[in-house]
Amino acid sequence: MQYDYLIVGAGLFGSVFAYEATKRGKRCLVIDKRDHIGGNVYTKTVAGIQVHQYGAHIFHTNHKEIWDYVNQFADFNRYTNSPIANYKGEIYNLPFNMNTFHQLWGVTTPEEAKQKIKEQRDAANITEPRNLEEQAISLVGTDIYEKLIKGYTEKQWGRPAKELPAFIIKRLPVRFTYDNNYFNDKYQGIPIGGYSQIIEKMLAGVDVRLNTDYFATRADLEKTTKKIVYTGMIDQYFDYVYGTLEYRSLHFKTKQLEDTNNYQGTAVVNYTDRDTPFTRIIEHKHFEFGNQKKTVITEEYPKEWKPGDEPYYPINDKRNNQIYQMYKQLAEQEQHVIFGGRLATYKYYDMHQVIGAALQTVKKEFGQ
């Protein structure tokens with residue numbers, strides 16, 4: 001069979017493109033090497049609980065058109081992301097706000113909190129931050145850095161904070177209000193019944209082949225199509241001609257607790273000390289305010305990425321960005337291939353940004 005588009009990857013970008021192209025009368029084939037659709041937003045029902053298989057996914061955006069777009073595929077609840085930090089058994093609110101400052105220092109007014117941060121910043125004597133550690137101390141002082149940033153960040157990135165670039169933490173949310181809402185976005189929530197239903201609706205009526213590795217049958221697949229939408233790793237597409245782009249990966253340990261109906265009282269708890277091997281525990285039922293008699297938790301372990309592992313976080317340092325720019329120039333010369341999504345653009349995206357980028361690509365491809 002001949003297709004107008006072969007779409008490599010059944011994640012958000014590929015699914016939005018397939019949905020919009022099909023609406024316009026185009027014939028699409030979507031393939032994915034995994035045994036399920038949805039990419040990293042895939043959710044699976046376990047004991048009546050929607051389990052986020054690849055880490056916590058909380059939808060948030062300031063763009064009404066993106067919010068309206070995604071709401072046509074599912075009803076969203078009012079979930080607000082308010083994670084907790086656990087430092088050696090001490091509990092703190094995130095993002096850093098007046099509740100955090102009161103828990104740490106006993107201060108009650110914004111002025112007292114600002115004064116405390118200023119004292120610690122002055123004591124550290126940092127004028128031009130040269131790395132993540134100095135950037136963090138200059139933003140929030142040494143106490144918050146030592147307890148809530150240093151250990152978590154070093155686990156996440158697998159290297160000392162002094163060796164990490166300052167830009168990673170430049171947009172650290174710091175608020176002088178009693179507000180535990182992690183995102184400032186106007187629209188926020190979780191789809192009732194999970195994310196997989198959204199992708200299922202997007203791909204209804206589209207030919208989908210799972211357990212299909214594009215690179216194993218590339219020549220045969222390309223004979224069936226006029227154009228390719230590629231959402232995989234850009235360096236792999238070009239056979240690593242300029243070298244391998246680096247990522248951080250994750251390992252998940254998911255457990256069903258038969259005799260516990262409420263393990264931690266909230267969906268996300270970050271473990272910020274260096275000695276706890278995982279960065280966070282997700283208790284999935286709290287995303288949908290569940291009252292099931294059992295619960296499901298996932299421990300999230302960051303790890304060094306190697307070929308064959310799932311790539312999660314691009315390491316956008318100078319070296320990797322330079323390599324990516326060379327691949328991007330190659331991509332721009334490909335007449336019949338559209339590159340999209342986080343792996344093909346070597347960029348960390350939130351879900352609303354992926355949808356926005358896919359819709360922009362659709363507009364460019366088909367016009368209004």
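The values are calculated or read from the model by the stated rules, or taken from the named source; none is laboratory data. Source: prediction; values computed, not measured. Cβ: placed from backbone, ideal geometry, glycine included. Neighbour counts: every protein chain shown. Accessible surface areas use protein heavy atoms only, side chains included; no ligands, DNA or RNA. Shrake-Rupley method; radii C 1.70, N 1.55, O 1.52, S 1.80 Å.
Can you list the helices (runs of 4 or more DSSP H) lying wholly within the range 1-109 that have 3 or more residues being closer than 19 Å to Gly189 by Cα and out of contact with any strand residue (DSSP E or B) (no Cβ under 7 Å at 6 or more places or on another chain)?
Working: elements: 12-23, 64-71, 98-105.
Once the helices (runs of 4 or more DSSP H) in the range 1-109 are filtered for at least 3 residues that are closer than 19 Å to Gly189 by Cα and out of contact with any strand residue (DSSP E or B) (no Cβ under 7 Å at 6 or more places or on another chain), what remains is 64-71.
Any residue that is touching a strand residue (DSSP E or B) at 6+ places or on another chain (Cβ under 7 Å), open to solvent by less than 40 Å² (accessible area, probe 1.4 Å), free of Cβ contacts under 8 Å to residues at least 60 places away in the same chain and assigned to a loop (DSSP other than H, G, I, E, B) - is there at least one of those in the range 230-248?
no
Yes or no: the range 161-183 includes at least one residue that is within 20 Å of the chain's Cα centre (by Cα), assigned to a strand (DSSP E or B) and within 30 Å of Pro110 (Cβ to Cβ).
Within the range 161-183 (the criterion being within 20 Å of the chain's Cα centre (by Cα), assigned to a strand (DSSP E or B) and within 30 Å of Pro110 (Cβ to Cβ)), the answer is no, since none of the residues qualifies.
Do we have any residue at all in the range 324-341 that's surrounded by 15 or more Cβ atoms within 10 Å (Cβ to Cβ), under 16 Å from the mean Cα position of the chain (by Cα) and in contact (Cβ under 8 Å) with a residue 60 or more places away in the chain?
Within the range 324-341, one or more residues are surrounded by 15 or more Cβ atoms within 10 Å (Cβ to Cβ), under 16 Å from the mean Cα position of the chain (by Cα) and in contact (Cβ under 8 Å) with a residue 60 or more places away in the chain.
Would you check if Asn77 is within 23 Å of Asp273 (Cα to Cα) and open to solvent by less than 50 Å² (accessible area, probe 1.4 Å)?
Details: within 23 Å of Asp273 (Cα to Cα): no; open to solvent by less than 50 Å² (accessible area, probe 1.4 Å): yes.
No, not satisfied.
Please determine whether any residue of the range 124-144 is of a type outside the set (Gly, Ala, Ser), touching a residue at least 40 places away in the same chain (Cβ under 8 Å), part of a helix (DSSP H, G or I) and surrounded by 15 or more Cβ atoms within 10 Å (Cβ to Cβ). Reasoning before the result, please.
Of the residues in the range 124-144, the ones of a type outside the set (Gly, Ala, Ser) are 125-135, 137, 139-140, 142-144.
Restricting the remaining residues to those that are touching a residue at least 40 places away in the same chain (Cβ under 8 Å) gives 140, 144.
Remaining after also requiring part of a helix (DSSP H, G or I): 140, 144.
Now restrict to residues that are surrounded by 15 or more Cβ atoms within 10 Å (Cβ to Cβ): 140, 144.
Looking for residues that are of a type outside the set (Gly, Ala, Ser), touching a residue at least 40 places away in the same chain (Cβ under 8 Å), part of a helix (DSSP H, G or I) and surrounded by 15 or more Cβ atoms within 10 Å (Cβ to Cβ), one finds at least one in the range 124-144, hence yes.
Please list, ordered by first then second residue, the pairs with beta carbon atoms under 7 Å, 6 or more apart or interchain, first in the range 260-284 and free of Cβ contacts under 8 Å to residues at least 12 places away in the same chain, second part of a loop (DSSP other than H, G, I, E, B) and not β-branched (Val, Ile, Thr).
Once the first residue is free of Cβ contacts under 8 Å to residues at least 12 places away in the same chain and sits in the range 260-284, no partner that is part of a loop (DSSP other than H, G, I, E, B) and not β-branched (Val, Ile, Thr) comes close enough.
Check whether at least one residue in the range 147-157 is assigned to a helix (DSSP H, G or I), free of Cβ contacts under 8 Å to residues at least 40 places away in the same chain and under 22 Å from Arg274 (Cα atoms), and report yes or no.
Step one: of the range 147-157, the residues assigned to a helix (DSSP H, G or I) are 147-157.
Within this subset, residues satisfying the condition of being free of Cβ contacts under 8 Å to residues at least 40 places away in the same chain are 153.
In the following step, the residues that additionally are under 22 Å from Arg274 (Cα atoms) were identified as 153.
Yes: the range 147-157 contains one or more residues that are assigned to a helix (DSSP H, G or I), free of Cβ contacts under 8 Å to residues at least 40 places away in the same chain and under 22 Å from Arg274 (Cα atoms).
On the basis of being aromatic (Phe, Trp, Tyr), at pLDDT 95 or above and either assigned to a helix (DSSP H, G or I) or touching a His at 6+ places or on another chain (Cβ under 6 Å) (or both), does Phe287 make the cut? Quick ask: steps written out before the conclusion?
Details: aromatic (Phe, Trp, Tyr): yes; at pLDDT 95 or above: yes; either assigned to a helix (DSSP H, G or I) or touching a His at 6+ places or on another chain (Cβ under 6 Å) (or both): yes.
Judged against the criteria, Phe287 is a match.
Search the range 250-267 for residues being part of a strand (DSSP E or B) and not β-branched (Val, Ile, Thr), and hand back the single one that is surrounded by the most Cβ atoms within 10 Å (Cβ to Cβ). Full working, then the answer.
Taking the range 250-267 first, the residues part of a strand (DSSP E or B) are 250-257.
Pick out the ones that are also not β-branched (Val, Ile, Thr) and you get 250-253, 255-257.
Working: Leu250: 21, His251: 13, Phe252: 16, Lys253: 11, Lys255: 13, Gln256: 13, Leu257: 14.
It comes out as Leu250.
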